[in-house]
Structure formats: structure tokens, C-alpha cells
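The values are calculated or read from the model by the stated rules, or taken from the named source; none is laboratory data. Since this is a predicted model, take the numbers as computed values, not measurements. Positions of Cβ are generated from backbone atoms using ideal geometry, with glycine treated the same way; all protein chains shown enter the neighbour counts. Please note that ligands, DNA and RNA were not included when accessible areas were found on the heavy atoms of the full protein model with its side chains. Shrake-Rupley method; radii C 1.70, N 1.55, O 1.52, S 1.80 Å.
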Amino acid sequence: MVMEKIVGSYEKGYALCPELRVEIQKSNPVSFATCSREDDNLKFTDMCISFKVTLDGFTKGCRPILGLDGCFLKGKYGGQCLSMISLDANNGLFPITVFICRSECQATWMKFLTLVQGQLTLHLSKLTFISNRQKGLVEAVSQVFPYSNYRFCFRHMYKNFKQLYRGTYLMTFAWNASKAYKKIVMKENLDKLGVAEPDAKTWLERELYESWCRSYFDASTKCKHVTNYFSESFNNWIVKIIDKPLNKMVERLNLMQMTLMYERKLKAREWDQNRLVPRAVKMIELLKTYSHHYSGTRWILNLEEHTCTCNVWQITGLPCVHAVVAAYVATYNQAVNPIADSLEWGEPTREIWPPLLLRPAGRPRTLRRRDVDEVNGVVRQPRKCIKCQAFGHNSRTCKGQPAEKPSIGRGGAKAYKLDTEFTTPSTRGGGRGRGRAKEPSQPSQPSTPISTQPSQQSQQYQPS
């Protein structure tokens with residue numbers, strides 16, 4: 001009741017979905033907006049929103065990389081918000097479309113990708129998808145976009161890897177193999193991983209190199225990302241609106257995208273239209289500082305074909321057509337128009353009821369739990385085995401040899417060092433016992449004499 005008084009009725013948010021779809025298409029012509037329900041019980045199933053401006057911006061100036069991810073809605077009836085995110089010429093976050101549904105499965109991903117397939121395929125380059133391998137997502141992409149590239153987020157891949165093969169030693173080789181630009185460097189790290197743990201190398205090689213190794217990526221994408229962090233950045237961007245009623249959430253998302261397009265459009269006017277975007281210029285200036293250092297390796301550079309045997313130029317594309325200011329301007333050349341106030345809307349043409357109320361116990365979390373190896377991760381006390389004294393498991397699952405117990409003093413009392421003398425703590429209560437400490441034969445003299453008589457100042461304040 002309190003939340004509904006603050007943010008509005010959640011039931012009314014679903015009832016206004018048909019009219020919300022009409023208002024989106026009215027304020028942003030040719031935009032894509034759908035709203036579906038179950039025919040038998042009229043309950044809400046899904047809603048897809050994609051503005052024409054964002055679809056045109058992707059095909060005109062964004063990199064052909066598409067991050068797919070989903071996050072939980074924190075409102076009364078829950079649900080999922082599936083998103084499709086790309087990167088502009090300045091490597092900035094560029095939201096394309098969202099799909100609000102009841103649950104995340106292969107059927108919902110199939111419907112989501114099918115709705116936007118026609119517009120996405122207008123991009124001049126071959127599309128590349130990257131995701132965390134959610135439920136049914138790999139199969140859905142392969143069916144809807146059979147000729148596209150597919151990458152796995154290596155952070156989630158490593159999260160499953162470290163459950164079987166722990167340790168910073170193995171982690172270093174795994175990440176170096178994924179981030180290497182040259183295939184020979186990638187092979188060297190995999191071989192070192194195989195020497196340390198043969199099963200770990202076999203585990204990584206189950207997946208195709210093209211899906212997680214940077215050195216095997218398609219050079220036409222001009223994107224070096226091995227993780228799907230930019231999609232998770234979008235989830236963090238909308239974290240303050242995912243607990244609102246459906247109509248309020250869509251209205252605020254519309255305002256956020258409108259502000260994003262307008263601010264970046266103004267920013268691009270201050271740049272030199274014939275040069276590269278600031279992030280590319282900054283990267284090139286950084287590379288210039290290392291240009292006079294010779295590492296001992298010979299690289300063959302072709303300025304006409306924009307290639308280098310180090311493979312960095314091909315993968316990152318600096319400088320390339322995707323990093324010029326003109327592509328950035330084409331991305332944000334249009335504007336997202338605001339939706340009219342809900343008081344001016346008409347009556348919904350269809351009746352839609354909210355879905356079933358399925359809420360778990362406890363307060364919904366707004367942020368996901370981060371692992372220890374992530375930025376701002378929660379550092380937890382590692383599990384220690386009392387049998388072998390190793391970390392990462394307990395005594396029930398221990399397969400090692402029992403560790404030798406440290407030797408202790410007579411009577412179980414440990415020795416402590418105090419300055420240059422060794423003493424042992426006396427037993428509890430100071431009584432007789434085998435562990436009682438011996439008194440020194442000659443007590444040491446303190447450097448400052450301590451008087452046993454009360455001082456004159458202390459005698460003045462004694463009670464009579």
C-alpha cells in the first residue's frame with residue numbers, strides 16, 4: 001500500500017499497456033512497440049519497445065556488436081527485462097531495444113530476436129552477439145541469426161572454470177589466453193595451463209576459440225571486448241526504475257534515452273568533424289609514448305590495408321571507419337521524442353490483467369552479488385580445511401594428507417616473546433598446574449622508579 005501511494009498502482013500499469021503502445025508510436029512515428037497477453041485469462045505476457053531513432057543510429061554509426069542480457073524487475077509482480085545493447089564510435093553505451101516479459105527462456109529470446117531481426121540485419125557489417133549464455137539464448141541466436149558471430153562473456157566462463165580449478169596461477173594463464181591478440185601467445189598460455197593442470201586446458205577447449213579468444217575474433221567487428229560488461233552497465237543504468245509500475249518504468253526509460261541522445265548530440269558538435277573521436281585520439285596518443293621503445297620483436301605494418309602482424313590494429317580498428325566523428329554524429333543525429341502525460345491518454349482498447357503474483361520471501365535485491373575477483377567484489381573469508389590446512393574446501397571433501405600438528409609447550413601453553421625474554425601465560429585462575437609459569441629469580445628493575453605512597457595531589461581529593 002505504501003509503495004503504491006508513492007509510485008502508483010502496479011495493476012493499473014499493466015492495464016495501461018495498450019494505450020502506452022499507442023502513445024509511443026504517436027510521439028515517435030515508425031517506432032516498434034508491441035504488447036501481448038494470454039487469450040484465455042487476459043494476463044500480461046510481454047512488451048517490446050524499440051525506438052526508430054535507436055535502430056537507425058545502430059545501423060548508421062555503431063559497431064556491429066550486440067550485447068544480450070537480462071535483469072529482474074523488482075516491482076510487485078516481478079518479471080524480466082531483456083535488453084540489446086551496442087557500442088557507438090566512441091565506445092559509449094548505446095541502448096537499442098528492451099523486451100519486458102514474465103521469465104527468461106528460449107521462447108522469450110526467440111520472440112525478442114525475431115521482432116527486431118529485420119532492422120538489425122540492415123547493418124553493413126556482419127553482426128556479432130555476446131552474452132552470458134543465458135537459458136536458451138545460444139540456440140535462439142543460432143536460429144534467428146544463423147550467419148552471425150557469437151562470443152561468450154569470459155568472466156562468466158571463468159566463473160564456472162574456477163569452481164573446478166582454483167588458484168591465481170591458473171587464473172593468470174586462462175585470462176592471458178583469452179586476452180591475447182596473437183594466436184601464438186594464446187597457444188603459449190594454454191600450453192602452460194595444460195602443464196599445470198591438463199584437465200583445465202581441456203575444459204576451456206570444449207568451446208570454440210572464436211567464442212572466447214580475442215586472437216580468433218572476426219576483425220570486421222572492430223571490438224576487442226571479451227566480457228559483456230557494457231550490457232551489465234545498462235542494467236545498472238536502469239536500476240532505479242525497475243521497481244516502478246510498468247507504465248512508469250517505460251516513461252522514465254523514454255526520458256533517459258531522450259536525454260542520452262540529446263547530450264551526446266551536443267557533445268559531438270564540439271568535436272572536429274574530420275578527425276577521430278576523443279577516446280580513439282587518447283588511445284593513439286598513449287600508443288605514441290611507447291613507439292620509441294623496441295621490444296625485440298619485429299612487426300610488419302601495412303598502412304594501405306590497415307593491418308599489422310601484432311593483430312591489434314585489426315581487432316581494435318584504431319584508426320578505422322568506426323572511430324571517426326562522422327559515424328558518431330550519424331548515430332545521434334536524430335532525437336527520441338517524449339511520451340505525452342498519462343492524463344492525456346485515451347482509454348485502453350484492450351483489457352490486460354497483471355500476471356500471477358509470485359514473490360519470493362525477503363526483500364528483493366537491487367544489485368547483484370559480486371565475486372571476489374571483480375571490481376568492488378565482496379571479500380569473503382576463504383574456507384579452510386582443518387585436516388590438511390588448505391583453503392578452498394572442508395574436511396568432508398578433503399582428499400589430501402593430514403597436516404602435521406605444530407608442536408606446543410608442556411601443558412599445552414604456547415610460548416610468547418616479550419622483548420628478549422620468553423614467558424608462558426599462566427593457567428586460568430593462577431592456581432597450581434603443570435602449565436604454570438615460573439617466577440623469575442631476579443625481577444628486572446624498571447627504568448622509572450614507582451612510588452608506593454600516594455602523591456600529594458591525590459591525597460587532597462581523598463574523601464574524608
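Tabulated data
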read-out: Built amide H within the under 5 Å cut-off of Thr97, gap 5+; value: Met84
read-out: Rounded to the nearest 10 Å², the accessible area of Tyr77 at probe 1.4 Å; value: 20
read-out: Efficiency of FRET between Ser395 and Asn176 - r from beta-carbon atoms, R0 22 angstrom, step 0.05; value: 0.05
read-out: Under 15 Å, Cβ to Cβ, from Ile339 - net charge with Lys/Arg +1 and Asp/Glu -1; value: +1
read-out: For Arg151, distant residues with modelled amide H under 5 Å away; value: Phe129, Ile130, Ser131
read-out: Exposure of Ser36 as accessible area (Å², to 10), given a probe of 1.4 Å and all protein chains; value: 30
read-out: Set of aspartates and glutamates near Lys192 by C-alpha distance (under 19 Å), chain-local residues within fewer than 8 positions excluded; value: Glu205, Glu207
read-out: Inter-label distance, nm, simple model (7 Å from Cα along the C-beta direction), Arg166/Thr114; value: 4.5
read-out: Carbon plus sulfur fraction of accessible area for region 164-216, probe 1.4 Å, in percent; value: 54
read-out: Set Lys183/Lys224; Lys43/Lys76; Lys12/Lys244; Lys135/Lys183; Lys162/Lys182 screened for pairs whose C-alpha atoms are more than 23 Å apart; value: Lys135/Lys183; Lys162/Lys182
read-out: Residue-level accessible surface for Trp313, protein heavy atoms, 1.4 Å, Å²; value: 40
read-out: Normalised per residue, the volume of the convex hull around the Cα set of region 82-184 (Å³); value: 150
read-out: Amide H contacts of Thr307 (H built 1.01 Å from N, under 5 Å, at least 5 apart or other chain); value: Asn302
read-out: Backbone HN-Hα couplings from phi across region 249-263 [Karplus 6.51/-1.76/1.60, Hz, Gly and Pro as x]; value: 5, 5, 4, 6, 5, 4, 5, 5, 5, 5, 5, 4, 5, 5, 5
read-out: Gain in span if fully extended, Asp191 to Ala403, counting 0.36 nm per residue against the direct Cα distance; value: 73.1 nm
read-out: Whole-number D in µm²/s for region 164-216 (Stokes-Einstein; Kirkwood sum over Cα pairs; 10 °C, 1.306 mPa s); value: 147
read-out: Using θ = phi - 60° and Karplus 6.51 cos²θ - 1.76 cosθ + 1.60, couplings along region 173-187 (whole Hz; Gly, Pro as x); value: 5, 5, 5, 5, 5, 6, 8, 5, 7, 9, 5, 5, 5, 4, 5
read-out: Region 45-52 - phi-based ³J(HN,Hα) in whole Hz, Karplus 6.51/-1.76/1.60, Gly and Pro as x; value: 10, 7, 8, 10, 10, 8, 6, 4
read-out: Order by protection proxy (mean Cβ within 10 Å, highest first), peptides 201-210, 159-168, 81-90; value: 81-90, 201-210, 159-168
read-out: Simple spin-label estimate for Arg383 and Ile184 in nanometres, 7 Å along Cα-Cβ; value: 4.3
